[in-house]
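Read-outs throughout are calculated quantities, based only on the coordinates presented, and are distinct from any laboratory measurement. Just so it is clear, the model here is predicted, and its values are computed rather than measured. Here the Cβ positions follow ideal geometry from the backbone for every residue, glycine too, while neighbour counts run over all protein chains shown.
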Amino acid sequence: MTILLIEDDKGLAELLSEFLGMSGYKVVHRADGESGLNAALHYDNIDLILLDVMLPKLNGLDVLKVLRQHSEIPVLMLTARGDDLDKVLGLELGADDYLAKPFNDRELLARIRAIMRRTQERPVADEKLPANSQQKQLILGDVCLDLMRLEAHCHQQALELTGSEFAILKQLGLAPGELITKEVLSQKCLGRRLQAFDRSIDTHISNVRKKLAAVGSTCEIKSQRGRGYGIFSG
């Protein structure tokens, strides 16, 4: 598995490259946003991107904005601790998750593994699918989730979902009409416990809502304060 690390701090980049290399990953490093974006768009074997926000030439948010016009490669944003605006903007632009600096190496590894699990996950042969599924597909009104290809379509149009967005839509779709708490969604879809003031699930849900509306879907994700989110087909 190959990780593209876009980080301008030379010392941190060397430490991360060494740690990830020892953990079994191949690391491609770029020290500025411009060369990082070029690598992300032209390398064929990048599996995940670690993207710093504060970068020379082109900042991380601008890199992500351009990247998402061409690719759904999983992205883990590296943000400054306490900078909530960068976190929210990163998620709104399509980042799969974020990690605030300084962070523990093991926490970074856990986030990477969680992202890769949900972007590569396939149903096992004997998995019991719900009544609204057919042959490894999950049908939600006019939306069809292909559980093998990890793709979603509505009215023959592709829903360009990130891995996190697909995981959340799938989790809601496994129990249509029921509310699922943010704690459960965070654990099952992001692979981590929900933290205080964490808006990740809310932001991912907002993105999914916009994408459903853009293709004219009759499916609606509703929320109830304190109880969570649920998907309902029209």
Of the candidate values (i) 1.01; (ii) 1.06; (iii) 1.17, the one computed for Cα Rg over 2.2 N^0.38 Å from this structure is (i)
Can you pull the one-decimal nm distance between simple spin-label points at Glu34 and Leu15, each 7 Å off the Cα toward Cβ?
2.9 nm
Arrange His70, His29 by Cβ neighbour counts within 10 Å, fewest through most, would you?
His70, His29
So, with +1 on the Cβ of K and R and -1 on the Cβ of D and E, and no other charges, what is the size of the charge dipole of the range 172-228 about its Cα centre, to the nearest 20 debye?
120 debye
Report, in debye and to the nearest 20, how large the dipole of the range 2-120 comes out about its Cα centre when Lys and Arg carry +1 and Asp and Glu carry -1 on their Cβ.
320 debye
Per-q log10 I(q)/I(0), the range 3-64, q = 0.12, 0.17, 0.26, 0.29 Å⁻¹ (Debye; single scatterer per alpha-carbon; no solvent)
-0.25, -0.50, -1.08, -1.25
Segment Gln69-His155, length gained on full extension (0.36 nm per residue, minus Cα span):
28.9 nm
Whole-Hz Karplus ³J(HN,Hα) for the range 224-233, in order, using 6.51 cos²θ - 1.76 cosθ + 1.60 and θ = phi - 60°, x for Gly and Pro?
9, 3, x, 10, x, 10, x, 10, 10, 9
Can you show me the helix-derived [θ] at 222 nm for the chain, built from DSSP H runs with n ≥ 4 at -39,500 (n - 2.57) apiece and divided by the number of residues, rounded to the nearest 500.
-11000 deg cm²/dmol
Under 20 Å between alpha carbons, and skipping anything fewer than 8 positions from Lys57 in its own chain: which aspartates and glutamates qualify?
Glu7, Asp8, Asp9, Asp32, Glu34, Asp86
Using θ = phi - 60° and the Karplus form 6.51 cos²θ - 1.76 cosθ + 1.60, what ³J(HN,Hα) does each residue of the range 202-207 get, whole Hz, x for Gly and Pro?
4, 5, 4, 4, 4, 4
With the cut-off at 24 Å, tell me which of the pairs Lys101/Lys222; Lys65/Lys87; Lys182/Lys210 have Cα atoms farther apart than that.
Lys101/Lys222
